[in-house]
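Notes for the one structure printed next.
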Amino acid sequence: MTLAFLLTTLVVVATPGTGVVYTLAAALSRGRRASVVAAVGCTLGIVPHLLATVTGVAALLHAGATAFEVLKYAGVAYLLYMAWATVRDKEALVVEERTAPEPVSARRVIVRGVLINILNPKLTIFFFAFLPQFVSPGEPHAVVRMLGLGGVFMLATFVVFAVYGVLAASVRSHVIGRPRVMAWLRRGFAGSFVALGAKLAFTAR
């Protein structure tokens with residue numbers, strides 16, 4: 001574990017992206033607990049990319065344009081669906097005046113968070129280019145080391161996303177009972193998902 005790895009990881013994780021937007025939406029819709037649940041979902045979505053990197057599947061995605069394009073456009077489609085759901089589904093971003101938000105949609109929040117990160121091929125390519133830089137050539141336990149580094153990356157992701165969510169949840173009370181504010185927030189988050197989808201669509205390998 002090096003300082004360079006930790007600093008690079010924090011910069012990458014803290015940069016606002018799809019997972020951050022989703023976590024903020026969960027924080028404002030159902031509060032602090034939901035934001036932490038969303039952070040868990042986004043973190044779990046990293047696991048397939050990490051395993052793909054370690055097992056060599058990432059190399060195939062890196063070399064195969066077709067596989068990359070299929071996964072990329074699946075991600076774009078899901079982000080557009082998230083934008084549509086945020087605008088259409090009032091429960092996607094509804095703040096209700098309760099002391100404790102209902103945990104009924106915890107599974108749904110986690111599943112969406114997992115899918116958001118699974119359907120992002122750039123994360124696989126990132127691991128493929130990022131992790132080997134911190135593993136010495138010919139290291140006997142390279143796989144174990146890469147898994148350990150990936151675990152640190154996941155931990156940093158959860159902590160940073162949870163902090164984002166808790167901070168957003170702290171201003172939740174200021175928008176309770178203000179339908180126009182919530183309507184604009186829904187549109188803003190939907191627009192963010194569309195923008196992220198467009199960015200992913202125009203991303204090259």
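The values are calculated or read from the model by the stated rules, or taken from the named source; none is laboratory data. Note that the structure is predicted; figures quoted are calculated from it, not measured. Cβ placement follows ideal geometry from the backbone for every residue including glycine, while neighbour counts extend to all protein chains displayed. For accessibility, only protein heavy atoms count, side chains too; no ligands or nucleic acids. Shrake-Rupley method; radii C 1.70, N 1.55, O 1.52, S 1.80 Å.
Quick notes on this structure:
- Accessible surface ranking that places the most exposed of HIS141, HIS49 first, with a 1.4 angstrom probe: HIS141, HIS49
- Highest-first arrangement of 193-200, 128-135, where packing means the average Cβ count within 10 Å: 193-200, 128-135
- For the range 1-57: rounded, prolate or oblate by the Cα gyration tensor [a/c cutoff 1.5]: oblate
- Ordering VAL160, VAL87 by accessible surface, largest first, gives VAL87, VAL160; the 1.4 Å probe counts only protein heavy atoms, with every chain in place.
- Note on ILE110: accessible area approximately 50 square angstrom, rounded to 10, probe 1.4 Å, nucleic acids and ligands left out.
- Accessible-area value, LEU119, 1.4 Å probe, nucleic acids and ligands omitted, Å²: 40 Å²
- Using the Cβ-Cβ distance between GLU69 and VAL11 with R0 = 25 Å, the FRET efficiency computed as 1/(1 + (r/R0)^6) comes to roughly 0.35.
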